[in-house]
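Heads up: the structure comes next, in structure tokens.
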Amino acid sequence: MKLIGLIVVIATGLLLLWGVTDFPDWADPQSPASTHLSPHFLTESIEETAVPNVVTSVLGDYRGFDTMLETTVVFAAGIAVYTLLRRSRRKDLREKPEMIEEELPHQALIVKTICRLMAPFMQLYALYVIAHGHHSPGGGFQGGVILGASFILLAIGFDLKMVLKRMREKTTLVLGILGVLIFSGIGMVCVLLEKNFLDYSALSAILPATDIIMARSHGILGVEIGVALAVMANLVLIYVNLSSDGKYERGL
Amino acid sequence: MIWQFDLIILILVAITAIASINAKDLMSAAIIFGTFSFLMCLLWAEMGAVDVGFTEAAVGAGVSTIFFIAAVFRTTRRTKD
């Protein structure tokens, strides 16, 4: 069985390597991507969207539909883990009492103090990454992951109860849904303002003191906030369900 | 782009990938996979794709390692094959 697997893997690898030879060369200026798409994005991005970081403007605006469905994938993953693992019936909760390993008090003190000191800085940095995505690397997805990771750090350093007190089950679910809703909602507002879906230039009609270009920049920011909320809530949802076996009692 | 740097990282990426597949202890496999992600993150950053490297560092090296460890804690620590 292992031999067959090895043969299949090597054959697939060779096929893929063979397929790569059809690609244009590394940084080939004559390749289709470098002659049509990249020059437009690199030269026109700042005039069309007022966003200096081209990656952000491509992610949020030019291929916004793709990003919206990526957010939906994260949301679907969170909901899938929740529906598969969550056990709320009383019979399941009583199943077997878990062994609790007590750690030494001085070790726990060091870990807890470091986690408590780290968490606010992580959250502040996450907000910076989200808000500054227009000018520097980062954006909604990365910021959302860091924001979720700060809650996961607290859940590991302290215990799950402490995080669940701050991020209740219902809150995580609502925030996860709200994130996707903000993204698609901004898209729908553009449709209601008689432009294409996710064409943020339509937002200049309702946002005060913005022209068509700044409206696209603001639209990207709104979309990034939605992505960050969805990613953060779903990461916390996945972690809580995985680590507590769906019982929401004790973490790792 | 410095090809010597690329070569060293790519060799380490291959080594960590093979090691994480072959590890019998799933916990060490998860940790080695985190190292793999971090090396990939270095590679992205070195090739100029800072946004991708940022995502790889946050998701691959950070959160997904935690998810693997949580799953290992709740299932079994040894592989059957």
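Just a few scattered comments:
- 0 to 90° range, to nearest 10: angle between helix B:3-22 axis and chain B longest Cα axis: 10
- Gyration tensor over alpha-carbon atoms, region B:3-74, equivalent ellipsoid semi-axes in Å: 23, 16, 5
- The distance separating the Cα centre of region B:13-74 from that of region A:146-195 comes to 25 Å.
- Dividing the mean sequence gap of close Cα pairs (under 8 Å, 6+ apart) by how many residues chain A holds gives a relative contact order of 26 percent.
- Between the Cα long axis of helix A:140-157 and the first principal axis of chain A there is an angle of about 10°, rounded to the nearest 10.
- Taken along the Cα-to-beta-carbon direction at a fixed 7 Å, the label points for residue A:26 and residue A:88 span 5.3 nm.
- Overall form of region A:105-177 per C-alpha gyration tensor (a/c, 1.5; a/b vs b/c): oblate
- Test item: B:58-65 mean partner chain Cβ contacts at 10 Å: 5
- A:128, A:248, A:239 arranged by Cβ crowding within 10 Å, fewest neighbours leading: A:128, A:248, A:239
- Counting only other chain Cβ atoms within 10 Å of each residue's Cβ, the peptide A:60-68 averages 0.
- Neighbour-count order for A:9, A:240, A:55, fewest beta carbons within 10 angstrom listed first: A:9, A:55, A:240
- Percent of Cα pairs exceeding the 35 Å cut-off, where the set is the protein assembly as shown: 33
- Per residue, the average separation of C-alpha pairs within less than 8 Å and at least 6 apart gives chain B a relative contact order of 32 percent.
- Residues A:48, B:56, A:169, sorted so that the one with the fewest Cβ neighbours within 10 Å comes first: A:169, A:48, B:56
- Region A:177-218 shape via C-alpha gyration tensor axes, a/c threshold 1.5: prolate
- C-alpha long axis of helix A:64-85 to longest principal axis of chain A, angle in °: 10
- With the helix formula -39500 (n - 2.57) applied to DSSP H stretches of n ≥ 4, chain B reaches a computed 222 nm mean residue ellipticity of -23500 deg cm²/dmol.
A short reminder: the numbers here are calculations on the coordinates, not readings from a lab. Since this is a predicted model, take the numbers as computed values, not measurements. Methodologically, a virtual Cβ is constructed for each residue, glycine included, from the backbone with ideal geometry; neighbour enumeration extends over all protein chains shown.
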